[in-house]
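Visitor: Structure in structure tokens, see below.
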Amino acid sequence: MKLEENIKTEFHQYKNQAEENAFFQMREKAFAEFDKNGFPTIKNEEWKYTNLKSIFDKNFKSTCVSSANVKNLLVDSVFNSIKANKLVFVNGSFNPELSNIIEKDNAIVISNLAKARKENTNVFDAHFGKYAKIENESLNAMNMALMSDGAFVYVPSNKKVENPIIIMNVVDSTDINVLSQPRNLIVIEKNAEACIVESYISAGTNASFINVVNEIYVDENAHLEHYKIQQQTGESYQNNYTQIFQEANTNINQVTLTLDGTMVRNNLHFYMNGKNCDTLLYGLYITEGSNHVDNHTRVDHAMPNCHSNELYKGIMKDKSTAVFNGKIMVHLDAQKTNAYQRNQNILLDPEATINTKPQLEIFADDVKCTHGATVGQLDEEPMFYLRSRGIPEDVARKMLLNAFADDIAEKIKIPELVGLLEQLIEEKL
Amino acid sequence: MIATNKMLSIKNLKAEIEGKKILNGINLEVKAGEVHAIMGPNGAGKSTLSAVLAGRADYDVTEGSVTLDGKDLLDMSAEDRAREGVFLAFQYPIEIPGVSTTNFLKTAVNEKRKYQGLEPMEATDFLKLMRQKMEFVEMDKSLTSRSLNEGFSGGEKKRNEIFQMAMLEPKLSILDETDSGLDIDALRLVSEGVNKLRSKDNAYIVITHYQRLLDYIVPDFVHVLYKGRIVKSGDASLAKELELKGYDWIKAEVEASM
Ligand SMILES: Nc1ncnc2c1ncn2[C@@H]1O[C@H](COP(=O)(O)OP(=O)(O)OP(=O)(O)O)[C@@H](O)[C@H]1O
Ligand SMILES: [Mg+2]
């Protein structure tokens with residue numbers, strides 16, 4: 001367990017020069033939690049199909065060093081031409097030169113966590129570390145203990161962020177095996193509106209492990225568009241934990257696109273803490289080679305009259321594997337809940353594997369809840385229709401696969417970006 | 001018409017699905033320029049015959065042969081049959097979400113051109129062609145920007161089939177109950193469209209239950225398909241007779257001869 005030793009050493013180094021304050025105490029508590037539980041193994045039910053052993057047996061180091069490649073990488077990215085606020089983090093460190101904030105309204109804060117801890121103390125203290133639990137979540141605890149920096153977004157009541165906010169995470173493993181632990185805090189107040197995109201790309205040929213935690217607080221009547229676009233290449237591992245905390249009447253559209261990465265584990269959690277919330281969750285994963293993608297989602301319907309609709313789609317090639325585990329938890333008080341979940345998979349090769357599991361736990365009685373999962377090849381009927389018009393089988397297959405995938409990409413409400421992503425998807429298929 | 005050029009020749013065609021025999025020895029010859037109507041009770045095998053001709057893989061052809069202009073049709077993939085000039089207007093056109101009608105047709109038209117050794121069509125020419133053919137069946141422009149058949153009404157789907165036929169200019173068109181689901185005006189319009197497309201070089205197999213369609217598209221031959229066989233053939237007057245008398249007398253004839 002080389003990584004565990006690395007973490008311990010790193011924490012002790014940090015501890016020796018850290019100031020004794022509330023922030024430090026939080027981290028020390030998190031480290032103790034990590035120290036107690038260690039990394040999750042496949043004996044843990046939540047990690048049954050995702051074996052992290054290959055990560056934990058490697059040496060990784062946190063570093064803020066970045067190579068000249070990073071700049072080119074950003075220019076080549078799908079986001080380059082998109083008009084947006086951009087916050088760039090390289091190996092978890094904020095890079096102000098590569099970042100660009102175009103929002104005019106100064107009341108809206110689009111910044112980094114290290115700075116916000118000093119300058120936006122009230123918001124920071126009210127929300128930081130309040131949503132992503134560390135108990136029995138070793139990787140969250142490890143992030144809390146040693147996280148580097150991350151995005152901080154604060155949208156005060158009644159404000160609308162005009163341009164999307166793109167949090168660009170670049171992992172640069174040019175020199176060594178890199179461990180990166182960013183942490184993002186997003187606070188959207190009452191009646192406010194924002195569109196936030198997380199992007200993950202990589203440079204370098206050594207291994208990398210990015211362990212991200214997102215905490216997102218959405219106050220009453222607010223609207224959030226939230227997208228994750230995962231495109232890490234090379235030997236890249238990602239654990240991405242997101243806890244979204246919703247107050248009454250909030251409206252969220254979440255889209256996760258996993259287009260690359262050796263191993264990606266997403267833990268996407270929603271907690272509906274008020275009535276009349278409306279949450280849409282969409283996911284698309286395209287896997288190839290021996291890559292592995294695991295989407296664990298959880299929607300907590302804690303209050304009455306909320307609606308959630310989840311649709312995750314996967315296309316798997318070669319010997320790749322994927323996991324979908326969607327939990328819907330309807331609490332005792334959550335009467336009149338409407339919760340829907342679907343997971344559709346297309347396996348393009350006989351050796352590709354998907355483990356799909358819906359988990360419904362319902363404690364209220366007046367509830368509408370459905371779920372369904374499909375695994376298979378492309379449907380014969382549409383194939384025949386296209387072929388009967390003279391379209392060759394391989395072209396027809398591509399058309400149908402693109403249609404299947406684009407359905408999810410189109411849930412992203414930035415039209416220029418959708419076009420570019422669909423092009424990328426087409427190249428992949 | 002000097003009838004020498006057999007376009008389609010079906011000989012003793014037998015087909016089954018999951019061991020269930022559906023076509024039990026079909027014989028049919030269609031020459032260029034002709035219109036053949038196929039009628040027959042529900043479940044007789046009319047759609048199965050069209051699907052087998054179009055190349056649907058679900059059905060096992062156990063006996064017989066089919067040639068199109070002398071080429072073995074059964075040996076070709078569905079897409080090759082289409083590019084050789086076979087077109088099937090489906091009885092129940094399916095919806096294909098996410099595939100735009102325009103993109104689909106552009107691909108189909110250009111794949112056919114490629115097969116014929118022609119360059120892809122210029123985008124502007126293609127759009128012009130589309131506009132022209134759309135007017136032809138009075139299809140609403142907004143439909144082509146939508147996903148293929150998605151949320152189309154029953155009649156719109158049928159009209160879309162004929163629109164595709166007009167775009168692809170097939171040699172042999174098989175219209176499987178294109179009349180069902182069309183309103184009275186649409187039926188006339190679609191029929192007039194077909195009549196305009198008729199030429200000495202192409203042929204039609206029109207499957208229908210009703211004389212009404214055959215008032216517009218007057219067939220050269222009418223065949224009755226029953227239990228997977230063509231049990232009676234005649235000219236246009238046979239359809240009128242069936243309209244009056246139903247199928248019982250034909251069924252009785254068949255049972256008696258067995
Ligand atoms: N995929 C299939 N599996 C099992 N049976 C089938 C299948 N397709 C067709 N059949 C059967 O074959 C027979 C012929 O069906 P077909 O659709 O060809 O009839 P049809 O003459 O077109 O009838 P209709 O006038 O109702 O359209 C029917 O009994 C039908 O149930
Ligand atoms: Mg039929």
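The values are calculated or read from the model by the stated rules, or taken from the named source; none is laboratory data. Everything quoted here is computed from the prediction, not taken from an experiment. Don't worry about glycine lacking a Cβ; one is built from the backbone with ideal geometry, like all the others, and counts go over all protein chains shown. Accessible surface areas use protein heavy atoms only, side chains included; no ligands, DNA or RNA. Shrake-Rupley method; radii C 1.70, N 1.55, O 1.52, S 1.80 Å.
Visitor: What area, in nm² and to one decimal, does the C-alpha convex hull of the range A:109-148 cast on average over all directions?
Guide: 3.1
Visitor: Taking only Cα atoms of the range A:1-244, what ratio of Rg to Rh do you get with Rh as the Kirkwood inverse-distance radius?
Guide: Result for the range A:1-244 is an Rg/Rh of 0.95.
Visitor: Can you divide the C-alpha Rg of the range A:177-329 by 2.2 N^0.38 Å and report the result to two decimal places?
Guide: 1.06
Visitor: In the calculated pair distance distribution of the range B:161-258, what percentage of Cα-Cα distances lie above 22 Å?
Guide: Looking at the range B:161-258, the distances longer than 22 Å represent 34 percent of pairs.
Visitor: Taking 4 °C and 1.567 mPa s as the conditions, I'd like the Stokes-Einstein D for the range A:219-301 in µm²/s, using the Kirkwood hydrodynamic radius from alpha carbon pairs.
Guide: In µm²/s, the coefficient rounds to 96.
Visitor: At 0.36 nm per residue, minus the direct Cα-Cα distance, what do A:Asn80 and A:Glu46 gain on full extension? Give it in nm, one decimal, please.
Guide: Working it through step by step, the gained length comes to 8.6 nm.
Visitor: Another question, then. For the range A:5-81, what does the alpha-carbon gyration tensor say about shape, rounded, prolate or oblate, given a ≥ b ≥ c as the root eigenvalues, a/c under 1.5 as rounded, and a/b over b/c as prolate?
Guide: Here the range A:5-81 falls in the oblate category.
Visitor: Would you mind counting up the charge near A:Lys428? Only other residues with Cβ under 10 Å from its Cβ, with Lys and Arg at +1 and Asp and Glu at -1.
Guide: -3
Visitor: So for the pair A:Thr9, B:Ile94, with labels modelled 7 Å out along Cα→Cβ, what separation do we get in nm?
Guide: Label-label distance for A:Thr9 and B:Ile94, simple model: 5.8 nm.
Visitor: Given 20 °C and 1.002 mPa s, compute D for chain B with the Stokes-Einstein relation, Rh being the Kirkwood radius over Cα pairs; round to the nearest whole µm²/s.
Guide: 113
Visitor: Next question. Kirkwood Rh, chain A, all Cα pairs: how many Å?
Guide: Taking the inverse mean of 1/r over all distinct Cα pairs, chain A comes out at 22.1 Å.
Visitor: Enter the angle in degrees (range 0 to 90, nearest 10) between the Cα long axis of helix B:154-168 and the first principal axis of the Cα atoms of chain B, meaning the one along which they spread out most.
Guide: 80
Visitor: With a Förster radius of 56 Å, plug the Cβ-Cβ distance of A:Ile176 and A:Val395 into 1/(1 + (r/R0)^6) and report the FRET value to the nearest 0.05.
Guide: That gives a FRET efficiency of 0.80.
Visitor: Using a probe radius of 1.4 Å on protein heavy atoms only, what is the accessible area buried between chains A and B, both sides summed, to the nearest 100 Å²?
Guide: Chains A and B together bury roughly 1900 Å² of accessible area.
Visitor: Continuing with this model, one more query. Could you tell me how many degrees, from 0 to 90 and to the nearest 10, lie between the Cα long axis of helix B:123-136 and the main elongation axis, the longest principal axis, of the Cα atoms of chain B?
Guide: On a 0 to 90 degree scale, this one is about 50.
Visitor: Per residue, how large is the accessible surface of the range A:209-288? Use a 1.4 angstrom probe and give square angstrom.
Guide: 18
Visitor: On the protein heavy atoms, probe 1.4 angstrom, tell me the percent of accessible surface of the protein assembly as shown carried by carbon and sulfur.
Guide: 47
Visitor: Given labels modelled 7 Å from the Cα in the Cβ direction, how far is it in nm from A:Ser54 to A:Asn106?
Guide: Taking the simple label geometry, A:Ser54 and A:Asn106 are separated by 5.1 nm.
Visitor: Kindly identify the range A:64-196 as rounded, prolate or oblate by the Cα gyration tensor criterion: order the square roots of the eigenvalues as a ≥ b ≥ c, call it rounded if a/c is under 1.5, otherwise compare a/b with b/c, prolate if a/b is larger, else oblate.
Guide: Cα axes put the range A:64-196 in the oblate bin.
Visitor: Accessible area per residue for the range B:6-101 in Å², computed with a 1.4 Å probe and the full protein assembly in place, what is it?
Guide: 38
Visitor: Separation between the A:Met26 and A:Glu410 pseudo-spin-labels, each 7 Å from Cα along Cα→Cβ, expressed in nm?
Guide: 4.2
Visitor: Further question: Can you compute the helix-only [θ] at 222 nm over chain A? Use -39500 (n - 2.57) per DSSP H run of at least 4 residues, normalise by all residues, nearest 500 deg cm²/dmol.
Guide: -7500 deg cm²/dmol, from helical runs alone.
Visitor: Please work out the Cα convex hull volume for the range A:97-173 and give it in Å³ per residue.
Guide: Hull volume normalised by residue count: 132 Å³.
Visitor: With a 1.4 Å probe on protein heavy atoms only, tell me which residues of the range B:39-74 lose at least 30 Å² of accessible surface in the complex relative to the chain by itself.
Guide: Buried-area filter returns B:Arg56.
Visitor: Among bridges DSSP assigns within chain A, what percent are antiparallel (round to 5)?
Guide: Here the share of antiparallel DSSP bridges comes out near 5 percent.
Visitor: Which positions within the range B:80-98 get 20 Å² or more of their accessible surface covered by the other protein chains, compared to the chain by itself, with a 1.4 angstrom probe?
Guide: By number: B:Ala82, B:Arg83, B:Phe90, B:Ile94, B:Ile96, B:Gly98.
Visitor: I'd like the distance separating the alpha-carbon centroids of the range B:46-68 and the range A:178-192, in whole Å.
Guide: Using only Cα atoms, the two centres lie 60 Å from each other.
Visitor: Also: B:Asn42 label point, 7 Å along Cα→Cβ, cut-off 18 Å on backbone N: hits in the range B:219-237?
Guide: Label zone hits: B:225-228.
Visitor: What FRET efficiency, computed as 1/(1 + (r/R0)^6) with R0 = 51 Å and r the Cβ-Cβ distance, is obtained for B:Ser142 and A:Ala114, rounded to the nearest 0.05?
Guide: Between B:Ser142 and A:Ala114 the formula returns 0.45.
Visitor: Could you give the alpha-carbon Rg of the range A:293-429 over 2.2 N^0.38 Å, rounded to two decimals?
Guide: Compactness ratio reported: 1.25.
Visitor: While we're looking at this one, here's another question. Quick one: P(r) of the range A:267-358 from all Cα-Cα pairs, 5 Å bins, percents rounded to integers, in order of increasing distance.
Guide: So the P(r) values, bin by bin, are 3, 14, 25, 17, 14, 10, 8, 6, 3, 0.
Visitor: Near A:Val264, within a Cβ-to-Cβ distance under 14 Å, what is the net charge of the other residues, with Lys and Arg +1 and Asp and Glu -1?
Guide: With Lys, Arg at +1 and Asp, Glu at -1, the net is -3.
Visitor: With 29 Å as the limit, write out which pairs from A:Lys29/A:Lys313; A:Lys313/B:Lys128; A:Lys48/A:Lys413; A:Lys398/B:Lys133 have Cα-Cα distances beyond it, or answer none.
Guide: Check vs 29 Å cut-off fails for A:Lys29/A:Lys313; A:Lys313/B:Lys128; A:Lys48/A:Lys413.
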